[in-house]
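The values are calculated or read from the model by the stated rules, or taken from the named source; none is laboratory data. Small disclaimer: the values here were computed from a predicted structure and weren't measured. Here the Cβ is made from the backbone with ideal geometry for all residues, glycine too, and neighbour counts use every protein chain on show.
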Amino acid sequence: PRSVLVVGAGLAATQTAAALREQGFDGRLTVLGAEGVAPYDRPPLSKHLLDRPAPEWLSDEIGVDLSSLADETAYDEPARTLVVHDEGATVTTDRRELTVDVVVVATGARAVRPAGWDHALTLHTAADAAALRSRLVPGARLVVIGAGWIGGEVAGVAAAAGLDVTVVEAAPAPLAGPLGARIGALAARWYDEAGVRLVLGAQVAGVSADAVTLADGRRVPADVVLAAVGARPATAWVADALPRERDGSLRTDESFAVLGPDGPLPHVRAVGDVALRRSARHGWVPGGHWDGALHGPAEFAADLLRPGDRSPGDRAPYVFSTMLGHSLTLFGLPAPDDEPLVLGDPAGPEGWSARWYRPGTDTVTAALTVDRPREVSSLRRLFAAPTLPALPRP
Ligand code: FAD
């Protein structure tokens, strides 16, 4: 291609620009963003919400200077529509129309705020973090809705800073989405130990200025409410041009080419949180995690610049988190009917881990470590192999 337009100015966009240039792309590169600021890293927004001075969030940068890689960066010019044609694709903004050979959709995700929860804050951007932080004064009552990754992280830092924190979760366990209820339940004690009230199996019926009301009539008083109930790919702007999944994600092949009804579309790639990528080992891998946005772009840049030269890699999904005084890493993708097995003592001081087995086999689809930093590199090696690890069950 002679021209590439990257839409979105987050981690996946930055890494796309870096990978294209590193791999020899010398055509025109344009990047459009919507936040009005240069790309920054999101994981510290929750983990360091209360212990870092504000500008440092933004300087906790990605380590790549996007403006030196791209011919043009417009951080306050969101794409509004996409049209794909035979020779390339056209994106419109409020200011202009841009026709290029390849469009990379890297618009990330948007935090979900259910209808009627107008009094709840969400956390996805640095601006969200600044707004939330200004409300989290010691002694205030914070109610977090959702005991997932971000809910757990914010609850922990807020409790440590002297807030009165309650977490309300609809599932029977924290982290039940990514880990399943059986392994997720082992995290419930962390809330206890951190002094956070955890209310499980609780449907939220309403959010008002001073309380969260549950479906069973209970009322949880709140000075601040954070909705941490997930994020959805920010792809409304491509809806007329590309097939989208119900959650808004875009199905791609192994090289992040967006899949149309007749196979990969030649002029559109999708990477980072927007992509639902096909993987021989893991099935369909959703975005939503830092590592995918970090490493995905190098995978497709090679394919884009030298099609057919090399088959794409199949990097295992990898998620990290630090929450409530614990450090977690998850490799792979557990399926709902996989069989979890716990190794070590989840109540002990030495950390523990878990593995998920494909039913009736020795094939491990995913592995979690908690507070066992020395296991992380061996797991990384295991999950880097071309096939899923086979480990005899102990
Ligand atoms: P984003 O980072 O969302 O960037 C997309 C950008 O595109 C945004 O700036 C957006 O404004 C812009 N955009 C949207 N629409 C348009 C448009 N129409 N035109 C132009 N621009 C547009 N992952 C982990 O694995 N571990 C963690 O510990 C972890 N912690 C996190 C903590 C927080 C608070 C958050 C919010 C996320 C965390 N993540 C974590 C997830 C990780 O940050 C994301 O997976 C990663 O940022 C995805 O990168 P991205 O570039 O795809 O999307």
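Tabulated data
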read-out: Matching residues in the stretch 316-370 - criterion: being among the aromatic types (Phe, Trp, Tyr), closer than 19 Å to Ala187 by Cβ and over 17 Å from the mean Cα position of the chain (by Cα); value: Trp352, Trp356
read-out: Of the criteria (1) closer than 30 Å to Ala18 by Cβ; (2) of a type in the set (Asp, Glu); (3) in contact (Cβ under 8 Å) with a residue 24 or more places away in the chain, which one Asp309 fails; value: (3)
read-out: Subset of the stretch 271-311 that is near the ligand (Cβ under 10 Å from one of its atoms) and assigned to a loop (DSSP other than H, G, I, E, B) - its residue that is surrounded by the fewest Cβ atoms within 10 Å (Cβ to Cβ); value: His289
read-out: Filtered residues of the stretch 95-141 (kept if of a type in the set (Val, Ile, Thr) and within 16 Å of the chain's Cα centre (by Cα)); value: Val105, Thr107, Val112, Thr122, Thr125
read-out: Qualifying positions in the stretch 75-120 - touching a residue at least 24 places away in the same chain (Cβ under 8 Å) and basic (Lys, Arg); value: Arg80, Arg110, Arg113
read-out: Entirely in the stretch 97-169, the strands (runs of 3 or more DSSP E) that have 3 or more residues that are buried (at least 16 other Cβ atoms within 10 Å of the Cβ) and within 12 Å of the ligand (Cβ to nearest atom); value: 102-105, 109-111
read-out: Pair list, Cβ < 7 Å and 6+ apart or interchain, from the stretch 11-31 residues that are farther than 18 Å from His295 by Cα to residues that are outside any helix (DSSP H, G or I) and among the acidic types (Asp, Glu); value: Arg28/Asp71; Leu29/Asp71; Thr30/Asp71; Thr30/Glu72
read-out: Evaluation of Ala241 against (1) touching a strand residue (DSSP E or B) at 6+ places or on another chain (Cβ under 7 Å); (2) on the phi < 0 side of the Ramachandran plot; (3) at pLDDT below 95 (one fails), failing number; value: (3)
read-out: Tally, over the stretch 322-343, of residues that are part of a strand (DSSP E or B) and either within 13 Å of the ligand (Cβ to nearest atom) or closer than 21 Å to Gly288 by Cα (or both); value: 9
read-out: Test result for Ile183, within 20 Å of the chain's Cα centre (by Cα) and closer than 30 Å to Trp352 by Cα; value: no
read-out: Tally of residues being of a type outside the set (S, T, N, Q) and within 11 Å of the ligand (Cβ to nearest atom) across the stretch 235-247; value: 3
